[in-house]
1. Taking LYS319 as the anchor, which lysines have their alpha carbon closer than 19 Å to its alpha carbon, excluding any fewer than eight residues away along the same chain?
2. Can you run phi through the Karplus equation (6.51, -1.76, 1.60; θ = phi - 60°) for region 112-129 and list ³J(HN,Hα) in whole Hz, with x for Gly and Pro?
3. What does the extension gain come out to for ASN261 and SER234, with contour length at 0.36 nm per residue minus their alpha carbon separation?
4. Place +1 on the Cβ of every Lys and Arg and -1 on the Cβ of every Asp and Glu in the chain, take the dipole about the Cα centre, and give the residue among ILE246, SER88, SER52 whose Cα lies farthest towards its positive end.
5. If you place +1 on the Cβ of every Lys and Arg and -1 on the Cβ of every Asp and Glu, how big does the dipole about the Cα centre of region 118-260 come out, in debye to the nearest 20?
6. For the chain, what does -39500 (n - 2.57) per DSSP helix run (n ≥ 4), summed and divided by total residues, give at 222 nm, in deg cm²/dmol to the nearest 500?
7. Please list, by residue number, everything in region 207-236 whose backbone N is under 18 Å from a paramagnetic label point 7 Å out along Cα→Cβ of LYS177.
8. Need the full-extension length gain, GLU253 to ALA213, defined as separation in residues times 0.36 nm minus the C-alpha distance. One decimal, nm.
Amino acid sequence: MKAPIIQALTLSLTAVTLYAAEDHLVFEPQGSANGKHVVLLSGDEEYRSEESMPMMAQILANNGFKATVLFSLNEDGTVNPEAGTSLSNSAALDDADAIVMCIRFRHWGDEAMQRFENALNRGVPMVALRTSTHAFNFKDKSNKWAKYSFDAKADTGWEGGFGRQVLGETWVSHHGKHKKEGTRSKIETANAKHPVLNGVGPIFGTTDVYGAAPLAPSTILLRGEVTQTLDPESPAVEGAKNAPMIPIAWVREFDNSGEKNNRILTTTMGAATDLSEENLRRLVVNGVYWGLEMEVPAKADVSIKGEYAPSPYSFKKYKKGLKPADFIVK
């Protein structure tokens with residue numbers, strides 16, 4: 001059952017109408033509504049998706065989408081990204097037209113997992129950020145959802161789990177030095193005209209390049225140049241680490257058990273701090289349009305209507321004692 005709505009207000013600084021329930025957020029479309037509902041899933045221990053997903057939802061609302069944000073919560077309703085069993089208001093997945101996710105090592109209960117799988121099987125497009133390559137971890141390998149685990153074996157039928165089979169890659173490695181070497185995007189020349197790249201300029205992120213070799217067939221859009229430091233002006237690391245450069249964004253289609261394939265955009269960038277970068281936000285928004293087979297704008301408006309000051313990525317450093325509504329960008 002959906003949590004009761006406790007608040008309905010218009011935030012003048014964000015220019016979106018918000019319905020804030022105890023356990024989730026809903027941003028109504030602004031301007032010309034396109035009739036599509038995007039559900040954003042937060043829940044990772046390090047990269048502060050509980051901060052970034054509300055911001056991205058507000059941007060999507062400003063582009064005409066209804067956008068709902070779900071969280072990992074403590075029993076008292078406060079946000080806890082370490083609560084791997086929790087997905088608030090999973091019922092929102094039942095009418096999701098698209099999903100944006102930044103999650104890590106989740107092990108949700110049967111109800112949430114079934115709703116997620118139902119969405120997958122009806123062909124809902126997905127935009128997956130950073131640790132979503134290793135979105136699930138069911139340590140009990142007899143669990144009915146064990147095939148979703150990042151380390152699932154071949155005998156499950158999904159070697160590498162949801163990440164590898166659906167998104168195109170699971171957890172591999174830190175290719176760049178974590179917290180020491182950054183990422184600068186380089187467009188894959190052969191695919192430079194792909195609509196997901198409309199209006200997307202160079203991206204710099206202080207997260208490192210992940211090891212990745214996307215499962216075929218996948219279309220590589222961006223590769224990641226490993227930089228010597230976390231300074232945007234830093235030169236590239238010399239030698240084999242950048243020869244060749246590792247894919248950091250790709251699109252693919254997943255043939256599920258239903259009648260319609262899922263369009264997938266995966267990027268191994270996506271910390272809350274990375275999303276301070278306009279061009280990464282535009283990549284994500286473009287991925288939603290493309291996934292829904294809508295015309296991708298030449299240059300989508302991804303401006304942040306308010307003050308977005310994301311926390312640095314780190315384990316054990318999330319803002320404790322806050323409710324979902326506390327993460328609205330104002």
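Values in this text are rule-based calculations from the coordinates and carry no lab data. On a predicted model such as this, the values are computed, not experimentally measured, just so you know. Cβ coordinates were reconstructed from backbone atoms using ideal geometry, including for glycine residues, and neighbour counts include every protein chain displayed.
1. LYS330
2. These are the phi-based 3J(HN,Hα) values: 5, 5, 5, 5, 5, 5, 4, 4, 4, 6, 8, x, 5, x, 9, 10, 10, 10 Hz.
3. Length gained, ASN261 through SER234: 5.7 nm.
4. ILE246
5. 260
6. Numbers: 3 runs with 40 residues, N = 330.
-4000 deg cm²/dmol, from helical runs alone.
7. Label zone hits: 207-211, 225-236.
8. On the way: separation 40, 0.36 × 40 = 14.40 nm, distance 1.59 nm.
Difference between extended and current length: 12.8 nm.
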